[in-house]
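Worksheet: the structure to be examined is printed underneath.
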């Protein structure tokens, strides 16, 4: 029991101590298909997948001496592949468009190959949501098709306990897919993963990796900064794991009150989340806490991010409207704040495992003395309508894509509607944020789209945002028409004592 994992770590130690090319080549041979498969699913491009796979094995070479003997190497490589691929996407702002059928429920389908077409686009997001122990169990049992006995030995568990862990992790995956409209049985899910999750890497890739990755510093071009940024992220994540948090959730008179009972940290920097590189990965990995602080960045930095499910939020150099958006899950253009409050800038984080929004509302009340209430008011609005049907910019969605990004004269989404209220998402949410006023959808378009449109961002030189409006018309066939209508708003006002 555990022989497979012992052999892996023995090879890692041999390479770390003597720089053995043969030991590293064997590690590459064993795991290249796992790493390559994880990267190509996310990136959808063989060139990028090979580049990221190379980076992952260079990271292994550099980190070999620091890995603990009990490390499940295949699980470590899988997670490193996910981090590196995510870094690759962010740094290049690439969106790889794969040819996929429209997202649909599986219903009674049970054939693994048929199911895989629907599971594949979501698999790695689902795996990332698992804890390390559950993820290691799934990787060993189904990505690498190890027996329960081999898996139990690698995890240091008895067979019964190992099987229980797999069952628990499988159920978490199944619920993840169910929430995204994919109905699949546990048996079909595992059969699909076991048959399809790992595919053969290009025949010459292993030899290339063994030659370049073992050198530790052989990477050049775009690979070297990718490796450096991933190593920094890994080091930061390791530091955050030293935090011990206790959170109590109290239910009183039907209202949820979140109380942070104890937060103990062994870091010197208690505010490690306050970074000019604020992004969703940083938010997801921040220890559970809720804080609102005066910004430490002045007017030089501004960034707002959330996790994929929008349950956790963080921002630096942002305004009160942004914090209220996160706290109340309300449309950004339908929030009214007190006069003068728009000039103030804050850094905030809200990452409790549950009721994080409620906790942030309490923090707004405690720190800023404000509470939100809903009120219908007559407001200037923009109405979005179809002016040119079948515009080329409204494309079929990329099934299961969680992408939704805007900035520097570009808006992109992979699988979003024109408008949705619960939760607030889609093109109209972006337009409300951009125009800072209510946007009403009268397009009649209810399906999801892939949207990628660009305009010439002219800053203060384009006060009325003519360039964006023209891009909407030319590329998406949509027009924005000014109007005045009653709208339900979220009004922030001084809290009553």
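The set of residues in the range 130-171 that are within 21 Å of the chain's Cα centre (by Cα) and buried (at least 16 other Cβ atoms within 10 Å of the Cβ) comprises 130, 134, 135, 136, 138, 139, 169, 170.
Can you tell me which residue among 12, 56, 35 is surrounded by 21 or more Cβ atoms within 10 Å (Cβ to Cβ) and more than 19 Å from residue 135 (Cα to Cα)? Steps first, please.
On the way: 56 fails: more than 19 Å from residue 135 (Cα to Cα); 35 fails: more than 19 Å from residue 135 (Cα to Cα).
Result: 12 is the single residue among 12, 56, 35 that is surrounded by 21 or more Cβ atoms within 10 Å (Cβ to Cβ) and more than 19 Å from residue 135 (Cα to Cα).
Considering only the range 79-91, I want to know if a residue exists there that is at pLDDT below 80, surrounded by 21 or more Cβ atoms within 10 Å (Cβ to Cβ) and in a helix (DSSP H, G or I). There is at least one residue in the range 79-91 that is at pLDDT below 80, surrounded by 21 or more Cβ atoms within 10 Å (Cβ to Cβ) and in a helix (DSSP H, G or I).
Within the range 396-413, being buried (at least 19 other Cβ atoms within 10 Å of the Cβ) and modelled with pLDDT under 80 holds for 398, 399, 400, 401, 404. Only a single criterion out of (1) free of Cβ contacts under 8 Å to residues at least 40 places away in the same chain; (2) in contact with a strand residue (DSSP E or B) (Cβ under 9 Å, 6 or more places away or on another chain); (3) surrounded by fewer than 23 Cβ atoms within 10 Å (Cβ to Cβ) is not satisfied by residue 326, namely (3).
The values are calculated or read from the model by the stated rules, or taken from the named source; none is laboratory data. Fair warning: this is a prediction, and the values are worked out from it, not measured in the lab. Here the Cβ is made from the backbone with ideal geometry for all residues, glycine too, and neighbour counts use every protein chain on show.
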